[in-house]
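Each remark here refers to the structure printed beneath this line.
The values are calculated or read from the model by the stated rules, or taken from the named source; none is laboratory data. Source: prediction; values computed, not measured. Don't worry about glycine lacking a Cβ; one is built from the backbone with ideal geometry, like all the others, and counts go over all protein chains shown.
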């Protein structure tokens with residue numbers, strides 16, 4: 001809960017213990033929103049709107065969540081209507097990459113710019129785009145799917161069913177699957193993880209900081225493929241800022257951002273390269289709260 | 001010369017016999033504009049504005065042509081000011097890919113849509129983008145450079161100095177260079193061209209229509225790489241329509257558009273694929289005139 005200057009007045013984090021009954025889950029969420037208001041000493045009616053940042057695909061026009069692959073039982077759920085009826089407030093729904101892009105643009109690393117791309121890089125990979133100072137969602141709200149742009153034609157299989165997608169190389173889930181089979185038994189990565197098959201990207205980052213050769217080669221591969229995907233994105237959109245979430249933000253300048261930036265800048269026009277910023281998230285743990293807040297603010301913007 | 005409904009009132013085509021003295025060339029162009037007005041029975045003062053579609057890079061804000069590689073002597077030329085002073089009219093300058101995209105969006109294959117990508121595919125390859133019913137030019141007007149998106153990492157050398165760019169495979173100039181060395185002496189392509197080293201894309205298209213094996217294999221290669229580039233473009237932007245100029249328009253449905261469309265649709269989300277149109281230019285030989293007209297109309301739009 002926050003104001004239009006990005007100040008958070010109250011916040012609450014809860015595990016997404018969703019049942020397969022969306023109406024019940026949304027009723028619970030509405031109760032939590034009321035409790036959060038009470039905690040902050042505010043009437044519900046003092047709020048101007050509610051923003052929902054949810055995994056896609058969803059239709060922001062109607063506020064309907066379509067069929068998110070990771071939420072069983074949630075198909076064609078009219079979140080805007082269900083939550084709006086319970087709270088008596090306008091509800092705006094956006095996919096999480098778009099919501100994060102809005103938050104970084106308004107309050108984070110994209111502040112003050114007109115053309116901003118934010119890449120969510122946790123389980124999957126997707127971009128939220130602010131172009132010309134406005135969220136750009138494309139046809140059916142499906143823009144920003146750079147995670148499935150081909151970086152190696154007919155390369156590694158991707159969770160989407162196709163091959164060679166950026167996400168198949170730099171998505172957290174794909175990388176974790178690769179590490180389970182590729183991590184050498186005696187390596188530092190395996191030691192940090194407890195066992196090779198439990199190795200995860202964060203173990204690679206930690207081992208790379210210690211100079212481990214396997215970890216460094218894994219990161220070099222990650223950076224190369226990320227640079228390929230970003231090169232295509234930057235050439236098509238000519239953004240002023242590209243903001244990289246999760247893994248690159250955690251790995252930091254020396255291990256990831258620096259090498260990726262150098263590769264991308266070498267592949268785009270010098271005039272554009274001189275102005276292009278490739279930076280980590282500017283909001284850290286506040287990002288999810290500000291993402292929801294910014295979605296609520298979009299709702300206000302779209303009022304007549 | 002035309003009106004806001006896209007009706008051309010008068011038009012003139014002239015070879016671009018430019019000297020290396022931009023001021024003199026622009027003075028001549030201004031004289032031609034006056035002559036064209038007289039021919040159409042109109043006073044110059046009856047015009048609302050002038051649109052210039054020029055090869056980039058240029059700065060549409062200031063109307064300055066920066067340093068187009070194919071116009072020797074033309075560096076940092078303030079076209080808007082020079083032409084505006086001579087004609088006493090507002091002048092708007094846009095790069096040719098953007099101008100063509102505006103024309104296709106207003107009057108051609110992109111009419112009625114909000115999100116349109118037009119690919120110019122003659123000597124080089126570039127996209128003009130209309131997103132959310134507005135020209136999108138990106139930072140420094142440099143968006144749409146899909147011609148330099150990598151489709152084969154470290155692949156063929158490109159005129160831009162890098163390797164593996166889309167343009168290095170499907171640009172007219174690059175393909176012509178390849179044909180000069182790859183066309184078999186006894187082939188139908190060589191016969192149509194007069195000699196292998198004179199083979200050009202149009203000879204390939206013609207020979208392919210006659211079923212020539214070498215021509216068909218060249219077109220298959222062309223289509224594959226074009227599909228790679230378009231897949232990345234479509235995933236990032238989720239346009240409603242992708243309009244392909246020159247070579248694909250000339251090669252037509254069976255030899256190019258059909259195979260390219262099939263490959264791209266198979267690589268993007270089914271929901272997006274169902275609505276995505278990949279089509280040839282809808283304006284044909286009228287495109288350059290309407291492009292200039294649409295640039296002039298942009299000037300009107302941007303008045304306060």
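Numbers below:
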item: Residue match in region A:5-22 (condition: crowded, with 18+ Cβ neighbours inside 10 Å, closer than 19 Å to residue A:293 by Cβ and in contact (Cβ under 8 Å) with a residue 60 or more places away in the chain); result: yes
item: Set A:112, A:161, A:186: member being part of a loop (DSSP other than H, G, I, E, B), modelled with pLDDT of 95 or more and surrounded by fewer than 24 Cβ atoms within 10 Å (Cβ to Cβ); result: A:112
item: Residue in region B:137-147 that is crowded, with 22+ Cβ neighbours inside 10 Å, assigned to a loop (DSSP other than H, G, I, E, B), in contact (Cβ under 8 Å) with a residue 12 or more places away in the chain and more than 10 Å from chain A (Cβ to nearest Cβ) present; result: no
item: Among residues of region B:273-304, those that are at pLDDT 90 or above, closer than 23 Å to residue B:95 by Cβ and touching a strand residue (DSSP E or B) at 6+ places or on another chain (Cβ under 9 Å), counted; result: 16
item: Meets criteria (at pLDDT below 95, in the same structural domain as residue A:119 (by TED's automatic domain parsing) and out of contact with any helix residue (DSSP H, G or I) (no Cβ under 8 Å at 6 or more places or on another chain)) for residue A:270; result: yes
item: Which numbered condition residue A:239 misses (of (1) within 27 Å of residue A:200 (Cα to Cα); (2) not in a helix (DSSP H, G or I)); result: (1)
item: Region A:266-290, residues that are farther than 20 Å from residue A:114 by Cβ and assigned to a helix (DSSP H, G or I); result: A:266, A:267, A:270, A:284, A:285, A:286, A:287, A:288, A:289
item: Residue among B:258, B:252 that is touching a residue at least 12 places away in the same chain (Cβ under 8 Å), part of a helix (DSSP H, G or I) and in contact with a helix residue (DSSP H, G or I) (Cβ under 9 Å, 6 or more places away or on another chain); result: B:252
